[in-house]
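Before any comments, here is the structure.
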Amino acid sequence: MRRFGLVALGAVLLFTPVALRAQDAQTKAAVDDAAKNTRQARAALEAMIQAMGGQAWLDVKNRYQHGHVAGFYHGVPNPGTLEVFEFHSWPDRDRLEATKHRDVITFYIGREAWELTYRGKAPVPQEQLDDYLRRRDHSIETALKVWMHDPKTIMVYEGQRLAARHLTDQVTLISSDNEAVTIYIDAQTHLPIKRDFQWRDPLYKDKNTDSEEYDDYHEFNGIPTPMRITRYKNDEIVRQFYIDKVDYNQDLGADFWDVNGVARRLKK
């Protein structure tokens, strides 16, 4: 028995370096594959940035969009549309003017929001503000201008998939806070076709999926811009924005984001 034990021990000692070398080779192969996948994901994202206008898109100071919004309930469109005028200034300022008289104005500045009417200024309901902040924090703009430059962000190329009837390259970015955004990039034009993210309902604790699809691109100021944006919640359509006019880098004026000043003028 003792002799058998010594022979077995010798076999283990003889085999151990071989096993370690095999394990090291597997680990190296896994690291190489991960690095290759990251390079592929970054290349797809960089191609998308170039397709959207490259440095011109990265340097955009503000964007103006005028169009009509159609709301949906359980996939059925609500009667009529709402005329809207949207202004966005990177990174965290939005001004939405509704109706043809532009007499209902909503400001989102930082992580606060107010609705202005002829009656005065009131805070936006918390649920509405939370929805806006989630979408802004998981927007393509935030993913490319913030997450992509954080060394702690993980980028994963997930292959080619069909999205909104387009063959796309699917790339997911995972932030240092473990938040994820998935972008579907047209395999031919390299323009973004769809964006997904998930969030957990604070009351029911189930996961929800927020999606946006981008279609009918036209170029303005050298920047390809989708003229139709469709939003989904859990694969059910909730909103469509049909855009008629777009402009970039307008001179908005020093008091454009003065909430109290706009409220006083509107109240008069």
| query | Among Val181, Val69, Val104, which one shows the biggest mean-square fluctuation in a GNM of the chain, springs joining Cα atoms closer than 10 Å? | reply | Val104
| said: How are the alpha carbon pair distances in region 69-179 distributed across 5 Å bins from zero to the largest one, expressed in percent? | reply: 2, 9, 14, 16, 17, 16, 13, 8, 4, 1, 0
| note | Phi angles of region 51-56, converted by Karplus (6.51 cos²θ - 1.76 cosθ + 1.60, θ = phi - 60°) into ³J(HN,Hα) in whole Hz with x for Gly and Pro, give 5, 7, x, x, 5, 4
| remark: In whole Å, largest first, the alpha carbons of the chain cover along the principal axes 102, 42, 40
| note | With the dipole of the chain defined by +1 on each Lys or Arg Cβ and -1 on each Asp or Glu Cβ, the option from Tyr108, Phe241, Trp147 whose Cα lies farthest towards the positive pole is Trp147
| What relative contact order, as a whole-number percentage, does the chain give when Cα pairs under 8 Å and 6 or more residues apart are counted? | 19
| field | Which of Gln126, Asn62, Phe197, positive extreme of dipole for region 57-198 (C-beta unit charges) | value | Asn62
| query | For the chain, what is the calculated [θ] at 222 nm in deg cm²/dmol (nearest 500), taking -39500 (n - 2.57) for each run of four or more DSSP H residues and dividing by its residue count? | reply | -10000 deg cm²/dmol
| note | Cα-Cα longer than 29 Å, checked against Lys61/Lys205; Lys152/Lys194; Lys100/Lys207, kept in input order, equals Lys61/Lys205; Lys100/Lys207
| remark: Extension length gain for Leu82 and Asp59 (0.36 nm per residue less Cα distance), in nm, is 5.2 nm
| query | In debye, nearest 20: dipole of the chain around its Cα centre with unit charges on the Cβ of K, R (+) and D, E (-)? | reply | 660
| field | Cβ charges +1 (Lys, Arg) and -1 (Asp, Glu), total dipole of region 23-72, debye | value | 180
| message | I need the trypsin sites (Lys or Arg not before Pro) found in region 111-218, filtered to DSSP loop residues with at most 16 other beta carbons within 10 Å of theirs. | response | Arg111, Arg119, Lys152, Arg165, Lys205
| Within region 19-59, what residues put their amide N at less than 15 Å from the label point 7 Å along the Cα-to-Cβ vector of Thr153? | 38-50, 58-59
| remark: region 97-120 and region 195-264 have their Cα centres apart by a whole-number Å value of 16
| field | Percent of Cα pairs exceeding the 14 Å cut-off, where the set is region 119-162 | value | 68
| So, in nm, how far is label Ala254 from label Glu219 when the simple model puts each one 7 Å beyond its Cα toward the Cβ? | 3.7
| request: Between Ala35 and Arg135, with labels modelled 7 Å along Cα→Cβ, what's the label distance in nm to one decimal, could you check? | output: 4.1
| Total formal charge among the other residues, if their Cβ is under 12 angstrom from that of His138, Lys/Arg +1 and Asp/Glu -1 | -4
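Where a number appears in this text, it was derived from the coordinates with a stated rule and is not lab data. Since we're looking at a predicted model, the values are computed, not measured. Here Cβ is always computed from backbone atoms with ideal geometry, including for glycine, and neighbour counts include all displayed protein chains.
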